[in-house]
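Note sheet for the following structure.
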Amino acid sequence: MKILVTGATGFVGGYVIKDLLKYNHQVIAATRKIDLIGRGDKLAYAFFDIDNLNLTENYFSYFGNPDLLIHLAWQGLPNYKSLFHFEENLPAHYSFLKNMVTNGLKSLVVAGTCFEYGMKEGCLSENMITDPQNPYALAKDTLRKFLFELQKKNNFDCKWIRLFYMYGEKQNPNSLLSQLQTALDKGDKEFNMSGGEQERDYLTIEKVAEYILTIALQNKITGIINCCSGKPIKVKQLVEDYLKRNNKEIKLNLGYYPYADYEAMLFWGDDTKLKKIINERSYSGI
């Protein structure tokens, strides 16, 4: 199978590419980084700048007629409140994906976000009505709706993977655990954070990449799929567990930052659909 991955050099994309190379597939990684352009035995890098699309181009042909597109690209994060997301990202990403589909792509996987659920509390299932509360979530949710409408006139499978919270090496330096590690490296005595009582659904980036491929490389279950643990954990506990695993100590200055106004205090993902996919792939021996 020939698989195209956008956002290939990003946090999630790097781990997805690494895992994909364990399979017997031809992988094409879309990138803006000119120095990476080239072809290896299993992995080829192809130049692509989604901010400067040429819509007269047949991108499906340009990328060698891939059997599957795993679309992880998205610019401007973690600035969730920028209007850029729906003023520029949304039209660019939809135009590119429509171009791929109308020129022949039959299987599409796109990274969504748990922020599409909005301020709902508790366990979040895929059949809930969305209520995005920031421009990033609004743009993602609208892109999903556009693609599902596009399916009515074009024959292609679409798996919309709602990513929850993740952590791991090479994460954005503005993320919680990255900032914590920076404070530890600097020898800081205190670490400023929120009250830490909010409950979130966290996965390691390695597990996220594994789940993305498990979802992408099957065709029985499509549509919206949560990529989550199904188990909430308090943010304060996440930080304390990180310190314990790394045998580190630092005073947590709880309540220094206010809680985000676009996130519910208590929410996590319903992993029923994900478990079904995992179980079926395990049963089939894949």
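The values are calculated or read from the model by the stated rules, or taken from the named source; none is laboratory data. This one's a predicted model, so the numbers in the text were calculated from it and none came from an experiment. With ideal geometry, Cβ positions are generated from the backbone for all residues, glycine too; neighbour counts draw on all protein chains shown.
Can you tell me which residue in the range 250-267 is modelled with the lowest pLDDT, limited to those that are surrounded by 12 or more Cβ atoms within 10 Å (Cβ to Cβ), in contact with an Asp or Glu (Cβ under 8 Å, 6 or more places away or on another chain) and over 16 Å from GLN237 (Cβ atoms)?
ALA264
Does the range 197-227 hold any residues that are crowded, with 16+ Cβ neighbours inside 10 Å and in a loop (DSSP other than H, G, I, E, B), and which are they?
Matches in the range 197-227: GLN198, LEU217, GLN218, THR222.
Can you tell which of ALA46, ALA92, ALA137 is among the small types (Gly, Ala, Ser), part of a helix (DSSP H, G or I), more than 30 Å from PRO232 (Cα to Cα) and out of contact with any Cys (no Cβ under 7 Å at 6 or more places or on another chain)?
Unique residue meeting the criteria: ALA92.
Does the range 36-53 include one or more residues that are out of contact with any Pro (no Cβ under 8 Å at 6 or more places or on another chain) and under 19 Å from LEU150 (Cβ atoms)?
Looking for residues that are out of contact with any Pro (no Cβ under 8 Å at 6 or more places or on another chain) and under 19 Å from LEU150 (Cβ atoms), one finds at least one in the range 36-53, hence yes.
Residues in the range 50-63: is at least one closer than 24 Å to THR214 by Cβ and of a type in the set (Asp, Glu)?
No: the range 50-63 contains no residue that is closer than 24 Å to THR214 by Cβ and of a type in the set (Asp, Glu).
Restricting attention to the range 63-85, which residues are crowded, with 17+ Cβ neighbours inside 10 Å and closer than 25 Å to ASN103 by Cβ? Walk me through how you get there before you give the answer.
In the first step, residues of the range 63-85 are kept if they are crowded, with 17+ Cβ neighbours inside 10 Å; the result is 63, 66, 68-74, 80, 82, 85.
Within the range 63-85, PHE63, PRO66, LEU68, LEU69, ILE70, HIS71, LEU72, ALA73, TRP74 qualify.
Determine, yes or no, whether GLY230 is touching a residue at least 24 places away in the same chain (Cβ under 8 Å), under 30 Å from LEU147 (Cα atoms) and either assigned to a helix (DSSP H, G or I) or not hydrophobic (A, V, I, L, M, F, W, C) (or both). Before the answer, list the steps.
Details: touching a residue at least 24 places away in the same chain (Cβ under 8 Å): yes; under 30 Å from LEU147 (Cα atoms): yes; either assigned to a helix (DSSP H, G or I) or not hydrophobic (A, V, I, L, M, F, W, C) (or both): yes.
In short, yes.
Output the number of the condition that THR222 fails; it satisfies all remaining conditions of (1) more than 20 Å from TYR259 (Cα to Cα); (2) out of contact with any Leu (no Cβ under 9 Å at 6 or more places or on another chain); (3) among the hydroxyl-bearing types (Ser, Thr, Tyr); (4) without any contact (Cβ under 8 Å) to a residue 60 or more places away in the chain.
Tallying (1) more than 20 Å from TYR259 (Cα to Cα); (2) out of contact with any Leu (no Cβ under 9 Å at 6 or more places or on another chain); (3) among the hydroxyl-bearing types (Ser, Thr, Tyr); (4) without any contact (Cβ under 8 Å) to a residue 60 or more places away in the chain, THR222 fails exactly one: (4).
Assess whether GLU57 counts as being within 27 Å of TYR262 (Cβ to Cβ) and either modelled with pLDDT under 95 or surrounded by fewer than 17 Cβ atoms within 10 Å (Cβ to Cβ) (or both).
Against the criterion (within 27 Å of TYR262 (Cβ to Cβ) and either modelled with pLDDT under 95 or surrounded by fewer than 17 Cβ atoms within 10 Å (Cβ to Cβ) (or both)), GLU57 does not qualify.
Is there any pair with a first residue in the range 20-42 that is in a strand (DSSP E or B) and polar (S, T, N, Q) and a second that is surrounded by fewer than 13 Cβ atoms within 10 Å (Cβ to Cβ) and at pLDDT 80 or above whose Cβ atoms are under 7 Å apart and which are 6 or more apart or on different chains, and what are they?
Here the result reads THR31/PHE47, each pair linking the range 20-42 to a residue that is surrounded by fewer than 13 Cβ atoms within 10 Å (Cβ to Cβ) and at pLDDT 80 or above.
As an exercise: evaluate VAL109 against (1) within 30 Å of LEU55 (Cα to Cα); (2) surrounded by fewer than 23 Cβ atoms within 10 Å (Cβ to Cβ); (3) touching a strand residue (DSSP E or B) at 6+ places or on another chain (Cβ under 6 Å) and give the number of the one condition it does not meet.
If we test VAL109 against (1) within 30 Å of LEU55 (Cα to Cα); (2) surrounded by fewer than 23 Cβ atoms within 10 Å (Cβ to Cβ); (3) touching a strand residue (DSSP E or B) at 6+ places or on another chain (Cβ under 6 Å), just (2) comes out false.
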